Amino acid sequence: MNRKESEDKVVYSWGTAHRYYPASVYYRRLFGERVQKLSLDAGFTCPNRDGTVGRGGCTYCNNDAFNPSYCRPEKPVSQQLTEGMAFHKNRYRRASRYLAYFQAYTNTYAPLKVLKEKYEEALSTEGVTGVIISTRPDCVDKEILDYLEELSHRVFVGLEYGIESCYDRTLVRVNRGHTFEVSIRAVKETAGRGLPVGAHLILGLPGESREEMLAEAEILSELPLDVLKLHQLQIIKHTAMANEYAGHPELFHLFTWEQYRDLVIDFLERLRPDIAVERLVSEVPPRFLAAPGFGRRRTDVLMQDILKRMEERDTWQGKEYGR
Ligand code: SF4
């Protein structure tokens, strides 16, 4: 099957300018213009930290490593959004519409009344046209999904689930506190209500072989997902995994950039072509790293390198899908 034939088969053909379906194109199709996601730390906690599901959290988790500087839970949601708009305006092309991205910790983990207040505060901020809510798949229930479905009749509402791995033995090993079956159920129930669903996956978790990671592309392609975010395992300071790594580095396989780049491309080849890809790699600031990263290369430079390599290999997302 050549590339044109492959694209003819997909629900959304993303055009010849890209070798994979970028989330920027997905959002532009939904909104008719560029929209900017603005990260938030709305002060939620996590049931895998407070003892409800577990204690200590997922072994790789240190939210500080990912939070932009303007996101501080002591600031009101509206202030974080306003500061986020200014932050992005100074650095990137200006967007006129924004999505409030409830990112830090577990953003459906509070009484419904509190959730409503936080989401509504975001939506009442000028320029904000919708919300994307990042959460654990075991932290949504009928009451929350009913409310979000109702809200989606008025504004854009997307859910983003931390799936992280399709293998229960890995989920146990990193202390996720839920199974893959729980992720499947949350994704299906959310999509069944017409809400866009995103998923987050980490490549390189300990104990997973390259073949198992690639098989995850096929497993996730079976789910009604709209958006996927991938990144490589990074071992972050002040985490349980950093301690584990210090004691037994031989239990971890940290990719070189070239190894990871080719893994990601192989993964994309197996991924359903109408799943938009929001991220393929991420680099926390070096001061957070407890094990070597890819060096100080910027994420956009790494992305360019992935695209260049895809050109060299003359490959594209979905090339091997369904084979
Ligand atoms: S990764 Fe998410 S679920 Fe896991 S401990 Fe961190 S905030 Fe909680």
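Some observations on this one:
- Residue that is nearest to residue 233 (Cα to Cα) [pool: residues in region 34-67 that are open to solvent by 20 Å² or more (accessible area, probe 1.4 Å) and more than 16 Å from the ligand (Cβ to nearest atom)]: 37
- Residues of region 265-323 satisfying the condition of being of a type in the set (Phe, Trp, Tyr) and in contact with a Phe, Trp or Tyr (Cβ under 6 Å, 6 or more places away or on another chain): 294
- Qualifying residue in region 68-83 (condition: more than 14 Å from residue 134 (Cβ to Cβ), within 14 Å of the ligand (Cβ to nearest atom) and not hydroxyl-bearing (Ser, Thr, Tyr)): yes
- Members of region 141-177 found to be among the aliphatic types (A, V, I, L, M) and crowded, with 22+ Cβ neighbours inside 10 Å, listed by number: 157, 159, 163, 174
Table: residues versus (1) of a type in the set (Gly, Ala, Ser); (2) out of contact with any strand residue (DSSP E or B) (no Cβ under 7 Å at 6 or more places or on another chain).
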site: 166; (1), (2): no, yes
site: 176; (1), (2): no, no
site: 187; (1), (2): no, no
site: 197; (1), (2): no, no
site: 209; (1), (2): yes, yes
site: 219; (1), (2): no, yes
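- The sole residue among 216, 212, 222, 189 that is out of contact with any Pro (no Cβ under 9 Å at 6 or more places or on another chain), farther than 17 Å from residue 48 by Cα and free of Cβ contacts under 8 Å to residues at least 12 places away in the same chain is 222.
Matching residues to (1) of a type in the set (A, V, I, L, M); (2) closer than 28 Å to residue 54 by Cβ:
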| site | (1), (2) |
| --- | --- |
| 78 | no, no |
| 86 | yes, no |
| 96 | no, no |
| 106 | no, yes |
| 112 | yes, yes |
| 119 | no, yes |
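- Summed over region 288-323, residues that are in a helix (DSSP H, G or I) and either in contact (Cβ under 8 Å) with a residue 12 or more places away in the chain or within 18 Å of the chain's Cα centre (by Cα) (or both) total 12.
- The sole residue among 95, 104 that is away from the ligand (no atom under 16 Å from the Cβ), in a loop (DSSP other than H, G, I, E, B), crowded, with 17+ Cβ neighbours inside 10 Å and not acidic (Asp, Glu) is 95.
- Qualifying residue in region 179-202 (condition: farther than 21 Å from residue 228 by Cα, within 16 Å of the ligand (Cβ to nearest atom) and either open to solvent by 10 Å² or more (accessible area, probe 1.4 Å) or under 21 Å from the mean Cα position of the chain (by Cα) (or both)): no
- A search for C-beta distances below 7 Å between a residue of region 60-78 that is part of a helix (DSSP H, G or I) and any residue that is within 11 Å of the ligand (Cβ to nearest atom), counting only pairs 6+ apart in sequence or on different chains, returns 63/104; 63/105; 65/236.
- Criterion (within 21 Å of residue 228 (Cα to Cα), at pLDDT 95 or above and more than 17 Å from the chain's Cα centre (by Cα)) met by exactly one of 112, 145, 99: 145
- Inclusion of residue 263 among residues that are open to solvent by 30 Å² or more (accessible area, probe 1.4 Å) and assigned to a helix (DSSP H, G or I) is not warranted.
The values are calculated or read from the model by the stated rules, or taken from the named source; none is laboratory data. Treat the numbers as computed from the prediction; the structure is a model and nothing was measured. Glycine also receives a Cβ, built like all others from the backbone with ideal geometry; neighbour counts cover every protein chain displayed. The accessibility values were calculated without ligands, DNA or RNA, using every heavy atom of the protein model including side chains. Shrake-Rupley method; radii C 1.70, N 1.55, O 1.52, S 1.80 Å.
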